[in-house]
Amino acid sequence: MNGCASSIIYLLDGNKPYIAYKNDHFNNESITGHKENMTNFSKFSIMSNLFSTRKYDLKLLTDNSFCRELKINNNGNNFEILDPIPKLKTATVCSFQVIFKSKVAIKNLELFFNYTFNDWKGAAGDGTEAQRVARLIDSRTKKLELKNQNIYDLSSIVTLVDLEELNLENNKISEITPYIRELKKLTAINFNHNNINELPKEMGELKKLKTIYFNNNQLTEFPSFIVNLFNPYIIDLSHNKIKQIPNNFNNGSYVQLEELNLDNNNIKELSGNIFVTSLKKLSLKQNKMKTIKDFDLSLQNLTNSIDLSHNELSQKLPSVFFNSRKFVNLTKLDLSHNKFIDFPLLTEKEYLYLKELILNDNNIQGEIDLSNFDGLINVNLNNNQLSLLPKFNLDIKNSVVSLKNNKFTNFTNYQVVKPYSNAGSIDLSNNQITSMRYFPGFAWQKLNLESNLLEELSYNTFANHLFDNSSNGVVVNLKNNRIVKIDCKFFNAHMTSNRNILLEGNPGFPSFGLNITESAPGYQHCLR
């Protein structure tokens, strides 16, 4: 609407108008009430030569019973609310179009009517939702939490001007009044799991807001008020219907913004304007993104994670995410469940601090060289099209490598560049592996080869360096292969007291026992 919302007009005892603030504005024109006299506040003025020198009519634009029954006498810049004043059922904005005698409609006038908290709670609020809500609240509170209360009316809540934290999660709120702006002390708001489809721009006046939660609503646009905030810390707008991130997003004063969650929206493109320099955690999983634009920012503070999983990103993985000059301290990158085909060729030593690389459920094929990534402890490449074993370093005892559901057959042509040393576990299940003889690496604590094509266990089945001889509880999962024979040389080469080999689901089971240990029938037979 043209024009600006007026001061709040409180109807004391339900019928005594009281303008709460002298210095509010209507198109930069002050509205004044008469605070000095507590007996008659029915008159107020708009200090403007425009109103005082020209004749005009007011045309009601708001279609509700309160505004239709409201009687206002206007003379120049002087307005008077006439008796009888209708009863409020909820806080109400009456909007009028100002039409001058020249038939030109220049601006709109908005008058916001509300009861005080005590009036909502008392007789004036009888029979209203606002009264029910007011009776749930201690008016002196600074931290209000009313989750799961079926609330849909905020009339009594927006009178609590000393509130610092407001949590209305999981209610039935579909609209937020612009006059939430009066809660100037708010630092945290939570409207998760409601039915809100739009947020008023007036929320940009809540300059102290640090944490903003509006997940699981019906928002279709990124709230414009956010760019006007000073220093938000967390913004969660996940599970909405937002289509794009505004171009001016990084024009805001985001000195402290650390977490931005836009999961489960309808965003189609990721551009550099979302990467504000203070950001530590970014999540846009389960959107509709098909492209990623390059950007020039150096995100030295992004120390936690980027999650772009479950999108429609395709072709080669963007090299921008493997540029240590832009993502200096990133520890987790999740690009799983997309349509990537190729992995970029990396020529420099990148990602000194990257610990988790999640790329499962893509269509990646060809060579992946991560040998310059020094700190990796979790690599997930499940459900791709890999036939060449990735090259990387793993030197942490609890590291995890997941390579199941690919196209590995054997590793006879694999050239060991850097062995996987001291690794925790590797999952190669659901491939087409026939031999692990030339598999590079050593010191695995857990090896999962379930559902492959191994037919026998012989001396040459596994490389001698493949297991961790220093640890107890080494587990080798060989379930559901095609094993019919176990050679005694296998026991001599690979059996020690710290190994447990699982064989259930093979054709030769159970003649050689469910699990192979030193007490297994096959092993005891080889000792004789």
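The values are calculated or read from the model by the stated rules, or taken from the named source; none is laboratory data. None of the values given here were measured: they were computed from a predicted structure. Cβ atoms come from the backbone with ideal geometry, glycine included; neighbour counts cover every protein chain shown.
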Quick check: anything in the range 161-175 surrounded by 20 or more Cβ atoms within 10 Å (Cβ to Cβ) and of a type outside the set (A, V, I, L, M, F, W, C)?
-> yes
Taking only the range 212-233 into account, find how many residues are touching a Ser or Thr at 6+ places or on another chain (Cβ under 7 Å) and at pLDDT 95 or above.
-> 1
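Can you name the strands (runs of 3 or more DSSP E) wholly within the range 161-275 that have at least 2 residues being of a type in the set (Val, Ile, Thr), out of contact with any helix residue (DSSP H, G or I) (no Cβ under 6 Å at 6 or more places or on another chain) and closer than 29 Å to Ile137 by Cβ? So that I can check it myself, show each step before the final result.
Values: elements: 165-167, 188-190, 211-213, 234-236, 259-261.
Counting at least 2 such residues, we get 211-213, 234-236.
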Quick one: which of Leu219, Leu260, Leu209 is without any contact (Cβ under 8 Å) to a residue 24 or more places away in the chain and touching a strand residue (DSSP E or B) at 6+ places or on another chain (Cβ under 7 Å)?
-> Leu209
Output for the range 365-414, where each listed residue is modelled with pLDDT of 90 or more, among the aromatic types (Phe, Trp, Tyr) and within 30 Å of the chain's Cα centre (by Cα) | none
Find the residue count for the range 306-322, including only residues that are under 18 Å from the mean Cα position of the chain (by Cα) and on the phi > 0 side of the Ramachandran plot.
-> 1
Residues that are under 28 Å from Asp369 (Cα atoms), modelled with pLDDT of 80 or more and polar (S, T, N, Q): find the strands (runs of 3 or more DSSP E) completely inside the range 415-527 holding 3 or more of those.
-> none
Determine if the range 74-85 includes at least one residue that is loosely packed, with under 15 Cβ neighbours inside 10 Å, assigned to a loop (DSSP other than H, G, I, E, B) and not small (Gly, Ala, Ser).
-> yes
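Please pick out the residue among Leu168, Leu146, Leu199, Leu136 that is more than 26 Å from Cys94 (Cβ to Cβ) and under 24 Å from the mean Cα position of the chain (by Cα). Before you say what the answer is, go through the steps one by one.
On the way: Leu168 fails: more than 26 Å from Cys94 (Cβ to Cβ); Leu199 fails: more than 26 Å from Cys94 (Cβ to Cβ); Leu136 fails: under 24 Å from the mean Cα position of the chain (by Cα).
On inspection, the qualifying residue turns out to be Leu146.
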